Amino acid sequence: MKRYVIVGGGPAGISAAQAIRAKDPDGAIVVVDRDQDPPYYRTELDTYIAGATSDAEMPLHPPSFYAEQRIDLRLQSVVTAIRPGEHAVQLSTGEVLPYDALLLALGALPITLGWFDSSIPALMTVRTWQDARWVVQRATASNGPVVVVGGGVLGLILAEGLRERGRPVELIEREARLWAPMFDDEASAMITAKLGERGITVRLREEITVVEPAGNVAVLSTTNGRRLTSDLVLVAIGVKPDLTLLAGTGIRADRGILIDHECRTNVPDIFAAGDAAQAYDPLSGQFRVVTNWNYAMEQGKLAGTCMAGGGAPAKGAVTSNAETFCGVRVSGLGLTQPRPGTTLVIGRDAAKGIYRKLVVKQDRLIGALLVGNTSGEGMMRKTMLDGAPLTPADAKSRFLTGLVLEETTVA
């Protein structure tokens, strides 16, 4: 009987466990997770905060699922050491779990700034279901303004969720546009306008410099000389792979755990997947960390299948994110920012609030930014991964029909 240990109960870890069970009916599967809650939809934390998702709707599976699949789910369990030479992991309780195949689905940790002080009650990050519960408690305790620091995906959805709770919300972003790695100025302006319609104030090119505790509230000073007072300040400036367990293991890492096309690390019988993994991106020619729920599930499924002795190698990692902001569906795929030698093929329908930008280089699609209409994104992603030819003329006829077109080549 083969022994499988999975560290992390997020989408990658649970997808891997399901794939293992489908491939190996008899193997022993242990999933170790430090969270107090059974695996849940992290993508719904914002709707949970908004009150649109209930406690009953948060878990990925009913409790009976793990018994039926014979998955030994260990909650509130902390791995303190990985021992590759012994093919074992050690828990904080002192228990040692031997493995024949180990998956590191370690997830990511919130990034904070120098002024962040977790001892100040008003300052919070949101990464877990428990974090979301605390936010709801504070959000419903008063009606004063809430400050969200960070204009990326998490900041935007948290701002909207808190606004749904009836709290005034101010979002502060240091860059000149929202979701700067993915959006361009036009997409940012469209979403900024939608946030404004919902009553969310957006402050671009501004940063928090100092935070002072004042009882139950925090007093914030900004680079624009403003001083704000709030009893709830959410810091949502991004996440970083959790690599704390790698010390002394010999597992190679850069920004994340480096893996091949079968999710294998450089250490025998150790695999990695999800937000802590760094896989090859054929569009950039670099190894990249992709923090995306659907991609983590795909990667976890591949890792689990390969751990159990099967599976087809992945074609690579393509950055992709899809979200809905204030009723507007948005998707970003691949390399959305202009680069020398690229052609930007843009389609617009101002009346319908549609903006679609495709980035083509050497007759290959390498990026797509879709606002208001995300149809075709699956085909676009496949085209990118396959490296299939796509000229600017093809891009217009296949993906931008019925729109006002613009084409620009970046020198």
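The values are calculated or read from the model by the stated rules, or taken from the named source; none is laboratory data. Here the structure is a predicted model, which means the values were calculated and not measured. We place every Cβ from the backbone using ideal geometry, glycine too, and count neighbours over all the protein chains shown.
List of remarks:
- For Pro181, the conditions (1) modelled with pLDDT under 95; (2) over 16 Å from the mean Cα position of the chain (by Cα) are fulfilled apart from (2).
- Just one of the listed residues (Val30, Val78) is in contact with an Asp or Glu (Cβ under 6 Å, 6 or more places away or on another chain) and at pLDDT 95 or above, and it is Val30.
- Members of region 268-302 found to be touching a Leu at 6+ places or on another chain (Cβ under 7 Å) and hydrophobic (A, V, I, L, M, F, W, C), listed by number: Ile270, Phe271, Ala272, Ala273, Ala276, Leu283, Phe287
- Considering only residues in region 202-228 that are surrounded by fewer than 15 Cβ atoms within 10 Å (Cβ to Cβ) and hydroxyl-bearing (Ser, Thr, Tyr), the one that is nearest to Val289 (Cα to Cα) turns out to be Thr209.
Per-residue answers, yes or no, for (1) surrounded by 14 or more Cβ atoms within 10 Å (Cβ to Cβ); (2) within 26 Å of the chain's Cα centre (by Cα); (3) within 26 Å of Gly311 (Cβ to Cβ):
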{"site": "Ala19", "(1), (2), (3)": "yes, yes, yes"}
{"site": "Gln36", "(1), (2), (3)": "no, yes, no"}
{"site": "Glu44", "(1), (2), (3)": "yes, yes, no"}
{"site": "Met58", "(1), (2), (3)": "yes, yes, no"}
{"site": "Ser64", "(1), (2), (3)": "no, no, no"}
{"site": "Leu91", "(1), (2), (3)": "yes, no, no"}
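- Number of the exception - Glu212 against (1) within 30 Å of Val359 (Cα to Cα); (2) assigned to a strand (DSSP E or B); (3) among the acidic types (Asp, Glu): (1)
A quick yes/no check of all residues on (1) outside any helix (DSSP H, G or I); (2) modelled with pLDDT of 95 or more; (3) of a type in the set (Val, Ile, Thr):
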site: Gly332; (1), (2), (3): yes, yes, no
site: Arg348; (1), (2), (3): yes, yes, no
site: Val360; (1), (2), (3): yes, yes, yes
site: Ala368; (1), (2), (3): yes, yes, no
site: Ser375; (1), (2), (3): yes, yes, no
site: Asp394; (1), (2), (3): no, yes, no
site: Ser397; (1), (2), (3): no, yes, no
site: Glu406; (1), (2), (3): yes, yes, no
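- For region 161-172, a residue qualifies if it is outside any loop (DSSP other than H, G, I, E, B) and touching a helix residue (DSSP H, G or I) at 6+ places or on another chain (Cβ under 7 Å), and the qualifying residues are Gly161, Leu162, Glu164, Val169, Leu171.
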